[in-house]
């Protein structure tokens, strides 16, 4: 009787080969479709210099020939509804920030948790409340504002917190 020699080369099965190719293609697709930061606006304050400026974006001093720009209407904090949501792991953050916002005059109508991915604390606004959103962001030290999206309500500001305020 003859014994069989069990030496030889083992080739991977087609299933293993297809799995390796699928993982490689998924990695390539991930890298290829990965975008930059979302195109959202930041709230920035502009400090005016006392002396003349040489920058091209400097605002010229008003003269007889130029009209002064209309002052923007002031935001009446008590008339703007604000909802505050916590998108961090910090227990009670939305409640504390809601109390702080109420204390400085904003009409906070609710606070809760937000489920989703938000890159940084943001004030979301409907088109008519854009100036109010900037004011709230400045009041609380938040750098991001963005237009409201579904499922946010369009009659109020929506503040989503991703961490403690600085």
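The values are calculated or read from the model by the stated rules, or taken from the named source; none is laboratory data. Just so we're clear, the structure is a prediction, and the values are computed from it rather than from any experiment. Because the Cβ atoms are built from the backbone with ideal geometry, glycine has one as well, and the counts that use them run over all protein chains shown.
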Using the structure shown, decide if residue 136 is touching a helix residue (DSSP H, G or I) at 6+ places or on another chain (Cβ under 8 Å) and at pLDDT below 95. yes
Within the stretch 127-166, the residues that are over 15 Å from the mean Cα position of the chain (by Cα), assigned to a helix (DSSP H, G or I) and within 14 Å of residue 84 (Cβ to Cβ) are 139
Within the stretch 80-89, residues being modelled with pLDDT of 90 or more and more than 14 Å from residue 112 (Cβ to Cβ) number 2
Among residues of the stretch 112-148 being within 22 Å of residue 88 (Cβ to Cβ) and out of contact with any strand residue (DSSP E or B) (no Cβ under 7 Å at 6 or more places or on another chain), the residue surrounded by the most Cβ atoms within 10 Å (Cβ to Cβ) is 140
